[in-house]
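Peer 1: The structure is given below, and queries will be raised subsequently.
The values are calculated or read from the model by the stated rules, or taken from the named source; none is laboratory data. Just so you know, these numbers come straight off a predicted model, no measurement behind them. All Cβ positions, even for glycine, are placed from backbone atoms using ideal geometry, and neighbour counts span all protein chains on display.
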């Protein structure tokens, strides 16, 4: 039991550091397609919380990532049973002589395979999500297919109908109705934002 706890103490910080890096890449890919260098507008807290924020941003992303984590958790046990099959060896790029390894080494090898598969899979999911979201958002802006269902109220008393693209702890990123340029406003300059879900574009 102590061995597993010690392994977790080592793996959890490394794993979360990897998630932070993947989260930065995902945000960078998304905002790059909008012509924004997001790192200039992000706080340390944004960077640290981004992987968790992405996880809970949408039910589909939550189900996908949690399901993938669950699959990778059970992957070593699955490989112990199915690792001798050629198609399994091909998919997970297993060594051909793995059957000759002692049981302890075999378990360690399959755990390494599962971690590698998890790392590559998470990178693919996050980058894919950022790329697709960024492309679709940029296309909607160009084609003027945005939904202006938010109203932003400034501290000056002025108001504008907007499409809220994204937000973090410091800034709002949005497009004003009848415009195609992206505006970036500090949260400190905004009184509040109203949401009207029934409002048409």
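Peer 1: Mind listing just one residue for me: the one in the stretch 33-52 that is in contact (Cβ under 8 Å) with a residue 24 or more places away in the chain, loosely packed, with under 13 Cβ neighbours inside 10 Å and out of contact with any strand residue (DSSP E or B) (no Cβ under 9 Å at 6 or more places or on another chain) and, of those, nearest to residue 120 (Cα to Cα)?
Peer 2: Here the answer is 45.
Peer 1: Taking the criterion of being in the same structural domain as residue 32 (by TED's automatic domain parsing) and closer than 23 Å to residue 167 by Cα, would at least one residue in the stretch 74-83 satisfy it?
Peer 2: Within the stretch 74-83, not a single residue is in the same structural domain as residue 32 (by TED's automatic domain parsing) and closer than 23 Å to residue 167 by Cα.
Peer 1: Against the definition (under 19 Å from residue 167 (Cα atoms) and within 13 Å of the chain's Cα centre (by Cα)), how does residue 54 come out, yes or no?
Peer 2: yes
To keep it simple, each residue is scored yes or no on (1) surrounded by 17 or more Cβ atoms within 10 Å (Cβ to Cβ); (2) under 24 Å from residue 12 (Cβ atoms).
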{"residue": "112", "(1), (2)": "no, yes"}
{"residue": "126", "(1), (2)": "yes, yes"}
{"residue": "131", "(1), (2)": "no, no"}
{"residue": "137", "(1), (2)": "yes, no"}
{"residue": "142", "(1), (2)": "no, no"}
{"residue": "149", "(1), (2)": "yes, no"}
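Peer 1: Would you check which residues across the stretch 137-186 are in a loop (DSSP other than H, G, I, E, B) and either closer than 21 Å to residue 57 by Cα or in contact with a helix residue (DSSP H, G or I) (Cβ under 9 Å, 6 or more places away or on another chain) (or both) and list them?
Peer 2: 145, 146, 147, 148, 149, 155, 156, 168, 169, 170, 180, 181
Peer 1: Could you check residue 105 against (1) loosely packed, with under 12 Cβ neighbours inside 10 Å; (2) under 18 Å from the mean Cα position of the chain (by Cα) and say which number it fails?
Peer 2: Just one mismatch for residue 105, condition (2).
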